[in-house]
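The values are calculated or read from the model by the stated rules, or taken from the named source; none is laboratory data. Predicted model only: the values in this text are computed from it and were never measured. Neighbour counts are summed over all protein chains in view; Cβ atoms, including those assigned to glycine, are modelled from backbone coordinates with ideal geometry. Surface accessibility is based on the protein's heavy atoms, side chains included, excluding ligands, DNA and RNA. Shrake-Rupley method; radii C 1.70, N 1.55, O 1.52, S 1.80 Å.
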Amino acid sequence: MSVRRGMRCRKCGAPAVINMPQHKLALCEEHYLEWVPARVGQTIKRFRMFRPEDKVLVAVSGGKDSLALWDILYRLGYAAEGLYIDLGIGGGYSAESKAKVEAFAAARGGLPYRVVDVRETYGCSIPELARRSRRGAKTCSLCGLVKRHIMNRVAYEGGFAAIATGHNLDDEAAVLMQNTLHWQAGYLGRQAPVLPSTHPHLARKVKPLCLMYEREMAAYSLVRGIDYIYDECPYSVGAKTIFYKELLNQLEGRSPGAKLHFYLSFLKAKEEGTIRFAEEEAVQMQDCRRCGQPTTAGDLCAFCRLWERPEMAVCGPADEFEA
Amino acid sequence: MVKLILRDKTWELPAGMTVRDAIKKAGLDPHAVLAMRDGKLINEETLTRPDDVITLISVISGG
Ligand SMILES: [Zn+2]
Ligand SMILES: [Zn+2]
């Protein structure tokens, strides 16, 4: 073998910073920084996520995916506003992630974003809430419930057309694999790049990074100099998703593009009707008397019911409902 | 020798192999990490040189 020239950028021949066998593509820094937003822009159009004139709320956690998403939407010229939810998680996690978001926005000339502090707004942080809610509710599911409520509320009050989250292809493929292994028909029926709004108080949810490999997003953040929080939320350490991601990476090693194919062929089969999931029965929804978000159980939604418990008296929904 | 660093772990490997092979020798999955040298991202076909210090960044997150 002669002297190895190493891998070169397909566009310009400069040394490649990334090789993507899944796309049979290697790119240099400059061309990688062009390629990523172009691909995300195509994904937004392909799935009709939102229009150029729409106001979009980006849920930012301080992690690589959500900050990169915000950066990309901004570069593509979308009116993207950030939403950071301060969960009050200790060990420096919430403090550090919030600092990353602040620094990110400041470095881009003061990108607009809102902060909702869970403790300030509702009287107790997520860990406090988990401690008080007896039935052994898992911190992550409680946190999910609170975040969904807040995102929907902010989107409704701010008149946003959609909430964009940083879920990448590996996230989606891992969830798909998990749901397939358990034949979770309900979840499979709902998994999609776009979740349309079914109620005025429920925002449209979109995932513009759903075709981007997690590795591609980490590389984008590095090359773009985005300083993100590297540590996991202490409550999600050892999350099952990681196991499925590792499995899928083994598959990817044997057959480049396997993850993308798994996800895309699932979407295609659903669209073409070759696999079908029973339509969910139209359950009777009513508006929560407190917050207006729809609920299937009684006149209070699951979020508002949280604060009804006697143990929550010390917390209680403070200023959100004062007006 | 080449030094490979991932968070608080370090490996010492002979120079001359590709970054991908070095990652595998360290018992890691090349899909799950990115490699940086001198503050720059490098592709996994890059050959390691004597005295290289290669920082690995884990790309997988949970949630
Ligand atoms: Zn190039
Ligand atoms: Zn409610």
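Is there a residue in segment A:50-57 that is within 12 Å of the chain's Cα centre (by Cα) and not in a helix (DSSP H, G or I)? Yes - at least one qualifying residue is present in segment A:50-57.
The strands (runs of 3 or more DSSP E) falling completely within chain B that include 2 or more residues that are within 23 Å of A:Arg254 (Cβ to Cβ) map to B:33-37, B:53-58. Look at (1) within 14 Å of chain B (Cβ to nearest Cβ); (2) outside any helix (DSSP H, G or I) and you find that A:Leu67 fails only one, number (2). Please determine whether any residue of segment A:245-256 is aliphatic (A, V, I, L, M) and under 26 Å from A:Ala162 (Cα atoms). Looking for residues that are aliphatic (A, V, I, L, M) and under 26 Å from A:Ala162 (Cα atoms), one finds none in segment A:245-256, hence no.
Checked against the criterion of being more than 14 Å from every other protein chain (Cβ to nearest Cβ) and surrounded by 17 or more Cβ atoms within 10 Å (Cβ to Cβ), segment A:219-228 contains not a single residue that satisfies it.
Among the residues of segment A:25-50, those that are under 26 Å from A:Ser255 (Cβ atoms), more than 10 Å from ligand 1 (Cβ to nearest atom) and in contact (Cβ under 8 Å) with a residue 12 or more places away in the chain comprise A:Leu25, A:Val36, A:Arg39, A:Val40, A:Thr43, A:Phe47.
Going through (1) in contact with a strand residue (DSSP E or B) (Cβ under 6 Å, 6 or more places away or on another chain); (2) within 20 Å of A:Tyr32 (Cα to Cα); (3) not acidic (Asp, Glu) one by one, A:Ala203 falls short only on (2).
Considering only segment A:147-170, state which residues are in contact with a helix residue (DSSP H, G or I) (Cβ under 6 Å, 6 or more places away or on another chain) and over 20 Å from A:Pro208 (Cα atoms). The one that is in contact with a helix residue (DSSP H, G or I) (Cβ under 6 Å, 6 or more places away or on another chain) and over 20 Å from A:Pro208 (Cα atoms): A:His149. From the list A:Arg190, A:Arg204, the lone residue that is under 26 Å from A:Phe277 (Cβ atoms), away from every other protein chain (no Cβ under 14 Å) and over 14 Å from the mean Cα position of the chain (by Cα) is A:Arg190. For segment A:2-43, filtered to residues that are basic (Lys, Arg) and not in a helix (DSSP H, G or I), the residue that is least open to solvent (accessible area, probe 1.4 Å) is A:Arg8. In the set A:Cys28, A:Cys12, only one residue is within 24 Å of B:Lys40 (Cα to Cα) and more than 14 Å from chain B (Cβ to nearest Cβ); that residue is A:Cys12. The lone criterion from (1) at pLDDT 90 or above; (2) hydroxyl-bearing (Ser, Thr, Tyr); (3) closer than 25 Å to A:Val194 by Cα left unmet by A:Tyr228 is number (3). Flag not set for A:Ala80, criterion: away from ligand 1 (no atom under 16 Å from the Cβ), in contact with a Leu (Cβ under 6 Å, 6 or more places away or on another chain), within 14 Å of another protein chain (Cβ to nearest Cβ) and closer than 23 Å to A:Val101 by Cβ.
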